[in-house]
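Written out below as structure tokens is the structure these notes cover.
The values are calculated or read from the model by the stated rules, or taken from the named source; none is laboratory data. Nothing here was measured: the structure is a model prediction, and the numbers come from that model. Note that we place each Cβ from the backbone using ideal geometry, even for glycine, and neighbour counts take in every protein chain shown.
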Amino acid sequence: MKISLIDIGSNLTHDSFAGDRDEVLARALAAGVDRQIVTGTDLSSSHQAAGLAAAHPSVLSSTAGVHPHHAQSFGPAVREALSGLLNGPHVVAVGECGLDYCRALAPREAQRAAFIAQLEIAVAARKPVFLHQRDAHEDFAAILREFAGDLAGGVAHCFTEGPAELQEYLELGLSIGVTGWVNDERRGQRLREALPLIPADRLMVETDAPYLLPRDLAPRPASRRNEPAFLPHIARTVARLRGETLESVAASTTRNATRLFGLDARDS
Ligand SMILES: [Zn+2]
């Protein structure tokens, strides 16, 4: 049986794909990755992601947002521009946005302000949010709680935490994005504990390519670049750890992503 997967987190605008993006797309399709949501991380990459999605509407959609690392670039002009991008038919979510106190490349206050502003944009645009959180669980959940009733849904992208944080996200109505972090037995231990507890109707899969090459991928590409074609490898691990078949994980994650991002309403 041929599987069909959606990679909800693909950084296809990354420089490392500049030379062979068409081949990367072709390899993904050949592997059963039939759609990718291209992540925007700042205004310029959000524009670029929207351009890619417009050029390949049958296989790509995109997000528009400002990653917490770039929170200091957020201001009224960026807010305007993001809202404009969200009017495009192929821009399906706001993000990635959130809080990152781990690398703390931007001051916390600026991160919180940019995050809140993007949640406001999402509510106004009636689009779901694509969320990033690292070492900031409490502030992140507290801010989301303020918006929970008004948001058109959201996904905690690259979820790496354990059962307690999972429970809180589920109560906030979020879906859960699982990357190749799960393929790392040591680093992904808490995630592996939480994974079987994710309801089948909240689970999504993603590569976060070119980042997070699955640790147990064999053979490993010499470039160490992750790419969407490796998503079935991640989905197979997710299936094994949940005691499901690959086919059932593919069917549920594709259904969930299609619903959250409104992909069936778009003409492709
Ligand atoms: Zn992220």
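Checked against (1) closer than 20 Å to Arg215 by Cα; (2) more than 16 Å from the ligand (Cβ to nearest atom), Thr179 passes all but a single condition, namely (2). Within the stretch 103-138, being touching a strand residue (DSSP E or B) at 6+ places or on another chain (Cβ under 6 Å) and within 16 Å of the ligand (Cβ to nearest atom) holds for Gln111, Phe115, Gln118, Pro128, Val129, Phe130, Leu131, His132, Gln133, Arg134, Ala136. Scanning the stretch 179-199 for residues that are under 15 Å from Ala164 (Cβ atoms) and aliphatic (A, V, I, L, M) yields Leu191, Ala194, Leu195, Leu197, Ile198. Residue selection: Gly149 satisfies the criterion of being modelled with pLDDT under 95 and away from the ligand (no atom under 16 Å from the Cβ). Of the residues making up the stretch 12-34, those that are within 15 Å of the chain's Cα centre (by Cα) and buried (at least 24 other Cβ atoms within 10 Å of the Cβ) are Leu12, Val33. When Leu170 is tested against (1) within 17 Å of the chain's Cα centre (by Cα); (2) of a type outside the set (Ser, Thr, Tyr); (3) within 16 Å of the ligand (Cβ to nearest atom), exactly one condition is not met: (3). If you filter the stretch 200-223 down to residues that are surrounded by 15 or more Cβ atoms within 10 Å (Cβ to Cβ) and of a type in the set (Lys, Arg), you find that the one that is farthest from Pro163 (Cα to Cα) is Arg215.
One residue stands out among those in the stretch 152-167 that are of a type in the set (Gly, Ala, Ser), surrounded by fewer than 18 Cβ atoms within 10 Å (Cβ to Cβ) and free of Cβ contacts under 8 Å to residues at least 60 places away in the same chain: the one that is nearest to the ligand (Cβ to nearest atom), which is Gly162. Among the numbered conditions (1) farther than 15 Å from Val182 by Cα; (2) surrounded by 23 or more Cβ atoms within 10 Å (Cβ to Cβ), the only one that Ser252 does not meet is (2). One residue stands out in the stretch 78-109 among those that are surrounded by 15 or more Cβ atoms within 10 Å (Cβ to Cβ) and charged (D, E, K, R): the one that is nearest to the chain's Cα centre (by Cα), namely Glu96. Answer yes or no as to whether Leu105 is on the phi < 0 side of the Ramachandran plot and modelled with pLDDT of 95 or more. It is false that Leu105 is on the phi < 0 side of the Ramachandran plot and modelled with pLDDT of 95 or more.
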